[in-house]
Amino acid sequence: MIRMKRALVLAAVVGTLAIADLAFAQKEAEEGPTSWLNFIVLKEDNGKPVRNASVIMHPVDPHGKQERGGMELKTDPDGKANFNGIPYGKLRVQVLASGFQTYGDDFDIEKPKMEITIKLKPPKGQLSIYGNQPADAGSAPKQNPPPPDQNDKKPN
């Protein structure tokens with residue numbers, strides 16, 4: 001009697017797993033294949049990992065337009081982030097991290113597993129509208145002195 005109950009439970013578990021596997025295969029066939037993406041975010045100047053960088057992914061349609069929706073990942077202390085289930089096709093990736101230039105590029109997702117290494121650059125100096133000299137990022141823009149006050153003129 002106990003053996004029969006175990007056999008029935010085992011048959012139920014195997015049957016449930018088979019149905020789940022069939023449903024997953026059917027879903028993948030309807031939606032197409034997906035990829036496991038591994039991102040590695042590094043500093044360009046020394047190759048060290050960038051922790052807590054935001055890796056933002058957006059699907060791109062065949063005309064190159066960014067589609068609605070998207071997903072954001074955060075890098076770990078080793079500069080790594082990964083996600084499984086990205087559909088094949090174009091994917092727009094942006095990476096934002098404090099103290100670095102924003103990175104953006106489109107990738108063709110076409111393999112079951114892909115590794116994408118992104119090297120972030122330090123910020124560039126800003127240009128001032130008051131001259132062609134690069135300004136320090138933290139300094140105030142240079143201003144022309146105010147015109148002389150008309151009341152300060154001496155009578156002739």
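Can you sort 51, 92 by how many other beta carbons sit within 10 Å, fewest first?
Lowest to highest Cβ neighbour count: 51, 92.
Give me the mean projected area, in nm² to one decimal, of the convex hull enclosing the Cα positions of segment 44-127.
6.7
Take the Cα radius of gyration of segment 88-128 and divide it by 2.2 N^0.38 Å, with N its residue count; two decimals is plenty.
Output field value: 1.51.
Taking 0.36 nm per intervening residue step and subtracting the Cα-Cα distance, what contour gain separates residue 76 from residue 126 on full extension?
15.0 nm
What does the extension gain come out to for residue 98 and residue 65, with contour length at 0.36 nm per residue minus their alpha carbon separation?
9.2 nm is the gain from fully extending residue 98 to residue 65.
Quick note: the coordinates plus some simple rules give every number you see, no bench work behind them. Values in this document were obtained by computation on a predicted structure and should not be read as measured data. Cβ atoms come from the backbone with ideal geometry, glycine included; neighbour counts cover every protein chain shown.
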